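Participant: Got a structure here, written out as structure tokens. Questions coming.
The values are calculated or read from the model by the stated rules, or taken from the named source; none is laboratory data. Only a predicted model underlies this, so the values are computations on that prediction, with no experimental measurement involved. Note: ideal-geometry Cβ built from the backbone for every residue, glycine included; neighbour counts use all protein chains shown.
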Amino acid sequence: MPNRLDTSSVLEVLKPVQDPELNKSLVDLNMIRNVAIADGNVRFTLVLTTPACPLRQFIVDECERAVKTLPEVKTVSVDVTAETPSQKALPDRAGIDGVKNILAISSGKGGVGKSTVAVNVAVALAQTGAKVGLIDADIYGPNAPMMLGLEGAKITVRQSGAQEVLEPAFNHGVKLVSMGFLIDKDQPVIWRGPMLNGVIRQFLYQVQWGDLDYLIVDMPPGTGDAQLTLAQAVPMAGAVIVTTPQSVALLDSRRGLKMFQQLGVPVLGIVENMSYFIPPDMPEKQYDIFGSAGGEKTAAELQVPLLGCIPLEISLREGGDRGIPIVLAAPESASAKALTTIAQRLAGRVSVAALA
């Protein structure tokens with residue numbers, strides 16, 4: 001053990017402390033910075049790879065424990081910040097200026113709660129301090145504006161040289177663009193594939209996104225033009241597949257998962273929504289309305305992580321209808337806790353992939 005209290009000795013005792021997700025030394029990853037020592041008081045900055053790190057306190061405790069083994073140490077202060085790494089670039093796909101990671105939230109079929117997951121994950125990430133944007137790419141059925149409390153809002157379209165630029169709407173810490181801002185409430189979108197592809201590219205490249213840690217894309221269900229356009233247009237950090245436990249949904253989710261793999265997009269995991277029903281008057285009870293453990297079995301068979309299981313609660317639906325996502329409206333509810341955990345695990349997997 002070093003017998004002097006200086007910057008080198010502090011870094012030396014911190015070398016064995018690892019990032020639990022990356023399994024590498026914090027010192028080697030340059031996550032320990034700005035070491036300052038005065039009269040036995042040690043202070044340094046811990047730079048995490050995401051503001052949503054679920055193991056933040058565990059890492060801080062490990063650091064404090066390690067430094068306190070040094071002689072003459074009286075107190076240890078850890079300032080925590082985060083620098084989200086950027087996804088790896090691809091030579092044949094143009095990234096978006098200022099956007100570090102693009103994530104698709106997708107499903108094999110409609111009605112599984114994909115948009116609910118996308119909106120709540122986006123808000124949960126924003127709550128940690130991350131800069132988050134959301135593209136509502138479900139052009140035929142845009143409902144993210146309602147879920148984010150932006151129904152009736154309009155986005156600004158301005159001219160920048162020869163190109164139109166869109167200013168996203170903003171609420172609950174999330175920037176949003178949606179077809180719902182560009183059409184009347186009851187107006188149907190009756191388009192063929194090329195027009196759909198054009199508006200998705202516009203949402204990607206002609207929106208003033210600014211600096212974002214995560215740009216989440218709420219995909220339409222299925223394996224069609226929108227998925228192909230996104231996968232071929234931009235480098236993606238990965239995709240998340242949302243399903244319910246029932247067999248029909250799981251069958252379609254497998255097809256969606258395989259589609260992203262064939263397009264070279266990493267599948268970061270499966271989310272099982274509506275895993276069980278919790279009656280509001282009997283919160284201690286659970287009912288497997290749509291079956292059980294389907295997401296877990298599918299994840300194991302396809303060798304991808306199960307990011308989490310979300311129960312079906314009335315408050316979850318109410319939050320979407322009122323424009324206050326449940327991670328804000330009822331953060332102590334079972335579904336909000338599940339969604340927050342999913343957001344943290346997703347952020348962790350993005351960091352691991354970026355730094356691999």
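Participant: So in the stretch 239-258, with the set limited to residues that are surrounded by fewer than 20 Cβ atoms within 10 Å (Cβ to Cβ) and at pLDDT 85 or above, which one is nearest to I310 (Cα to Cα)?
Facilitator: Filtering the stretch 239-258 for residues that are surrounded by fewer than 20 Cβ atoms within 10 Å (Cβ to Cβ) and at pLDDT 85 or above, the one nearest to I310 (Cα to Cα) comes out as R254.
Participant: Could you name every one of the strands (runs of 3 or more DSSP E) located completely within the stretch 154-200 that has at least 1 residues being closer than 18 Å to T229 by Cβ? Reasoning before the result, please.
Facilitator: On the way: elements: 156-160, 163-167, 169-171, 174-178.
Result: 163-167, 174-178.
Participant: Just one of (1) over 30 Å from C53 (Cβ atoms); (2) touching an Asp or Glu at 6+ places or on another chain (Cβ under 8 Å) trips up A162, so point out which.
Facilitator: Among (1) over 30 Å from C53 (Cβ atoms); (2) touching an Asp or Glu at 6+ places or on another chain (Cβ under 8 Å), the lone unmet condition for A162 is (2).
Participant: Surrounded by fewer than 19 Cβ atoms within 10 Å (Cβ to Cβ), closer than 22 Å to L204 by Cα, among the hydrophobic types (A, V, I, L, M, F, W, C) and in the same structural domain as C309 (by TED's automatic domain parsing): does that describe L268?
Facilitator: Values: surrounded by fewer than 19 Cβ atoms within 10 Å (Cβ to Cβ): no; closer than 22 Å to L204 by Cα: yes; among the hydrophobic types (A, V, I, L, M, F, W, C): yes; in the same structural domain as C309 (by TED's automatic domain parsing): yes.
In short, no.
Participant: I need a count of the residues in the stretch 1-23 that are surrounded by 13 or more Cβ atoms within 10 Å (Cβ to Cβ) and in contact (Cβ under 8 Å) with a residue 40 or more places away in the chain.
Facilitator: Residues in the stretch 1-23 being surrounded by 13 or more Cβ atoms within 10 Å (Cβ to Cβ) and in contact (Cβ under 8 Å) with a residue 40 or more places away in the chain: 10 in total.
Participant: Let me ask something else. Tell me which of these L230 doesn't satisfy, since it passes every other one: (1) buried (at least 16 other Cβ atoms within 10 Å of the Cβ); (2) not in a helix (DSSP H, G or I).
Facilitator: (2)
Participant: For the list (1) surrounded by fewer than 17 Cβ atoms within 10 Å (Cβ to Cβ); (2) farther than 17 Å from I105 by Cα, I need the number of the one condition that G224 fails.
Facilitator: For G224, the failing item is (2).
Participant: Quick one: A169 ticks every box in (1) within 21 Å of K337 (Cα to Cα); (2) surrounded by 21 or more Cβ atoms within 10 Å (Cβ to Cβ) except a single one, so which number is it?
Facilitator: (1)
Participant: Oh, and also: Considering K114, K154, which residue is among the charged types (D, E, K, R), in the same structural domain as R317 (by TED's automatic domain parsing) and surrounded by 14 or more Cβ atoms within 10 Å (Cβ to Cβ)? Explain how you work it out, then say what you get.
Facilitator: Working: K154 fails: surrounded by 14 or more Cβ atoms within 10 Å (Cβ to Cβ).
Testing whether each residue is among the charged types (D, E, K, R), in the same structural domain as R317 (by TED's automatic domain parsing) and surrounded by 14 or more Cβ atoms within 10 Å (Cβ to Cβ) leaves just K114.
Participant: Related question: Any idea which residue in the stretch 304-356 is nearest to T244 (Cα to Cα), counting only those that are in a loop (DSSP other than H, G, I, E, B) and in contact (Cβ under 8 Å) with a residue 40 or more places away in the chain? Full working, then the answer.
Facilitator: Initially, the stretch 304-356 is screened for residues in a loop (DSSP other than H, G, I, E, B), giving 304-305, 310-311, 313, 323-325, 330-333, 356.
Now drop any that are not in contact (Cβ under 8 Å) with a residue 40 or more places away in the chain, which leaves 304-305, 310, 323-325.
Values: V304: 16, P305: 15, I310: 9, G323: 23, I324: 23, P325: 20 Å.
Here the answer is I310.
Participant: In the stretch 251-283, which residue that is charged (D, E, K, R) and assigned to a helix (DSSP H, G or I) is farthest from S351 (Cα to Cα)?
Facilitator: The residue in question is D252.
Participant: List the number of the failed condition for A300; all other conditions in (1) among the hydrophobic types (A, V, I, L, M, F, W, C); (2) free of Cβ contacts under 8 Å to residues at least 12 places away in the same chain; (3) more than 27 Å from V248 (Cβ to Cβ); (4) in a helix (DSSP H, G or I) hold.
Facilitator: (3)
Participant: Modelled with pLDDT under 90, surrounded by fewer than 17 Cβ atoms within 10 Å (Cβ to Cβ) and among the aliphatic types (A, V, I, L, M) - does that describe any residue in the stretch 131-149?
Facilitator: The answer is no; no qualifying residue exists.
Participant: Also, I was wondering about something else. Pick from E301, E284, E313, E332: which is of a type in the set (D, E) and under 21 Å from the mean Cα position of the chain (by Cα)?
Facilitator: Numbers: E301 fails: under 21 Å from the mean Cα position of the chain (by Cα); E284 fails: under 21 Å from the mean Cα position of the chain (by Cα); E313 fails: under 21 Å from the mean Cα position of the chain (by Cα).
Of the residues listed, the single one that is of a type in the set (D, E) and under 21 Å from the mean Cα position of the chain (by Cα) is E332.
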